[in-house]
Amino acid sequence: MTIANRIVSAAGGRLILIRSVVFLALGAAMTSAGETASPRRLADVVVALPAIPGAAPASAVCMRSLRPRPINANDPHDTLAAIRGFHVTRLEWTYGDDKAFVQKVHDLGVEYGGAIAAGSYSGSKSPWDWNVIGSEAQRLAPTWMRKWARPNPWGCANNPEFRAGHVRAAVAAVKAGADLLHRDEPGQNEHSYHWGGCFCRYCMKGFRSWLADNADRSELEKLGVSDLASFDYGDYCRGKKAPTGDAFRLWKTDVLRKYFRQFQIDSSVAFNRWWRQELNRQAGRPIAVSCNNGARRWTPIELSFDYCIGELRRNHATPAHLHDVMKTALSHGRTQSVTMPLDGSDEPESPGWIAVTRRTIATMYALGGHIEMPWDTYLPTPDARRYFGRPENYADLTAFIRGIAAHLDGHGEAYASGCGVVDDRWQQQPVTLPTADGIFLTVRARPKDREAPLVMHIVDWRDKPAPVAITIDRSAFF
């Protein structure tokens, strides 16, 4: 068959083939009289996921806005106008507690997701009282923020003042009307370890307790640590003339540094679980919270959250990588959303970048995931520039997504192939594209429902899209 703007019959059912960057094919699950039922069909291999708190339906169109825009009279950008322009159903990862703005979002029939980060704090204390610090009592800042005019603070997960203030910040977002939250920079102390910390008095006390519960006492005694009650790891490092700051994690030393890192990982996991419990208690209801996993990390830290939104590197915007991203998320009972492809250049309006972004949008929906619309998107440039894409470059795709909601929601992947993806669930491939290098294809079905229509997504990743022949194995479909 050659894909074209027409309906063609197939095996007693029908395939509806729509010419676009995304191709959708529906096959009614029909069997001819007297035909022997296939022992295995596409719907049979789909595994139903458990309900994921806060996860958007597959047909949702998501967008973030760093903060409500316009932020002043000179700001040319308007969040509410962008919501309408991109056909958005969920605004998420948005900072601020503006109740009037949240109400305007809700009036559009759109969900609102607030946001907090590693430095989100509500209270009267200065960040100097709760920011992570290095072994020389220096305030630490993330590597990517150091060229910013005003780097954001970064709280210590073991500091009581930050812990209380962080919960206050989360509660304020919910009281402003947020339906759910996003937590950026979830690594907290584990992340700050890579810049040399945290060595505050609360971490030193916590590390003593951690060592008492987890360390090999004979190893500690060999290192001269015999009295844990008075042990201070900061004093120990200074006595060893340990490097400070970013060089600390590269220090070639004893097992205590490995212990210290694990302590900070455990502290971060425990903190994320604790503040979420406190938020639910004070809000009076469970609040779904996503986190930023860079579209690749699934450690115990990320698994403390309900699902993930990750910043996608441009060199990772390939069908094979995106397929692996979604497969990994689903293996953890989670789902994944990504940003538009990002790199350090400042040319996101170039035809090539727009084309890759469009293909990424198509591919993420073909995989059952989501992508943040390319608007108010952080770019990893020295000045942390933000990109505001124009709806006319992308809204045809999101209108298409909204229009085929019934063929997205409730479906799971039954087959995937092309662009380096090989589906090892099938010895005989249900669909083949014999001459189509650069074509990515998925078939999605309702789990264990042989009577429901099947959905085929075809995304052309070639620079010059063209018709392509496909062959289906009717026994797997109908």
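The values are calculated or read from the model by the stated rules, or taken from the named source; none is laboratory data. Computed from a prediction, not measured in an experiment: that's the story for all the values here. Remember, those area values only see protein heavy atoms, side chains included, never the ligands or the DNA or RNA. Shrake-Rupley method; radii C 1.70, N 1.55, O 1.52, S 1.80 Å.
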Full-stretch length increase - Ala51, Asp383 - with 0.36 nm per residue and alpha-carbon distance subtracted:
115.6 nm
On a 1.4 Å probe surface of the protein chains, which of Thr381, Thr143 comes out largest in accessible area, and what is the full order?
Thr143, Thr381
Heavy-atom accessible area of Asp463 with all protein chains present, probe 1.4 Å, nearest 10 Å²?
130 Å²
Most to least accessible of Trp144, Trp154, Trp426 (protein chains only, probe 1.4 Å):
Trp144, Trp426, Trp154
Pairs to check: Lys327/Lys448; Lys258/Lys327; Lys99/Lys125; Lys125/Lys175. Give those whose C-alpha atoms are more than 27 Å from each other in this structure.
Lys258/Lys327
At 0.36 nm per residue, and after removing the present C-alpha to C-alpha distance, how many nm does the segment from Ser126 to Val422 gain when stretched out fully?
101.2 nm
If I take the Cα coordinates of region 115-201 and project them onto the principal axes, what are the three extents in Å, biggest first?
41, 26, 23
Karplus 3J(HN,Hα) series, Hz, for region 347-362 with 6.51 cos²θ - 1.76 cosθ + 1.60 (x for Gly, Pro)
10, x, 8, 5, x, x, 5, 4, 4, 5, 5, 4, 5, 5, 4, 4
Cut-off under 15 Å on the C-alpha distance; same-chain residues fewer than 8 positions from Lys147 excluded. Which aspartates and glutamates are left, in chain and number order?
Asp383
Once fully extended, how much extra length lies between Ala406 and Arg84, figured as 0.36 nm per residue of separation less the alpha-carbon to alpha-carbon distance?
113.8 nm
With both bridge residues required to lie in the chain, what share of the DSSP beta bridges run antiparallel, to the nearest 5%?
60 percent
With the 8 Å Cα cutoff and a minimum separation of six or more residues, the chain has a relative contact order in percent of 23 percent
Cα-based radius of gyration of the chain once divided by 2.2 N^0.38 Å, which approximates compact folds
1.11
MRE, 222 nm, helices only [DSSP H, n ≥ 4, -39500 (n - 2.57), over the chain, to nearest 500]
-8500 deg cm²/dmol
